[in-house]
1. Between Glu45 and Ala166, what FRET efficiency comes out of the Förster formula 1/(1 + (r/R0)^6) with R0 = 30 Å and r the beta carbon distance, rounded to 0.05?
2. What FRET efficiency would be calculated for the residue pair Leu157, Ala59, taking the C-beta separation as r and a Förster radius of 25 Å, to the nearest 0.05?
3. Could you calculate the FRET efficiency of Leu74 with Glu23 from 1/(1 + (r/R0)^6), where r is the beta carbon distance between them and R0 is 45 Å, rounded to 0.05?
4. Sequence gap of 8 or more, or different chains, plus Cα separation below 22 Å: how many lysine pairs satisfy both in the chain?
5. If you split all Cα-Cα distances of the chain into 10 Å bins from zero, what percentages do you get per bin, shortest first?
6. What's the magnitude of the charge dipole for the chain around its Cα centre, counting Lys and Arg as +1 and Asp and Glu as -1 at the beta-carbon? Answer in Debye, nearest 20.
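Quick note: the coordinates plus some simple rules give every number you see, no bench work behind them. In this text the structure is predicted, and so the values were computed from the model without any measurement. Using ideal geometry, Cβ is built from the backbone for each residue, glycine included, and neighbour counts are taken over all protein chains shown.
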Amino acid sequence: MGSVFANLLTDYMFHRIEDITPEFLRELGVRGLIIDIDNTLMRWEEHEAPPSVREWLRAASDAGFKIVLLSNGLRSKQARVAGDLDLQVVAGWLPKPLPSGFRSAMRVLGLPPSQVASIGDIVFTDIWGANRLGIITILVEPRSSRDFLGTRIWRLLERLFRLRRAKKTDPK
């Protein structure tokens, strides 16, 4: 693939967010996490994170990682989820893939791009936006096959251009 697609490929891929270990993140030099909500932390159609995700977030926080949520979802859901998980959310009108959304999240974390990882399930928002700023990117499989209509279009393009693959396989 040419340079047109370079920012669309993720650095790393995992099945679920719960599969990402603190040790893996530390090896990458990560100190902060920008995390998507819908289909990354919970199914798009649900409003609460499952126990396994709550446990993962607690473990990541206990391991010293700063965490902020960044979502294009409904503001009412963003606020409810952020409050429920006791995390800050960066919201706005479509903050992803715009650099401003990721910059706002990095300001909350107080960290440079080289120490931040963005974790999400959509190449065209979570990965493309973060890659443009030099943030480490981690793509996870969506938790549900149900999606917002606009997301279904992104998923079709991901399949068409075979974009659900990683640039790297090992953090070293």
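1. FRET efficiency, Ala166 to Glu45: 0.65.
2. 0.15
3. Efficiency at R0 = 45 Å is approximately 0.85.
4. 4
5. For the chain, the binned pair fractions read 10, 44, 38, 7, 0 percent.
6. 540 debye
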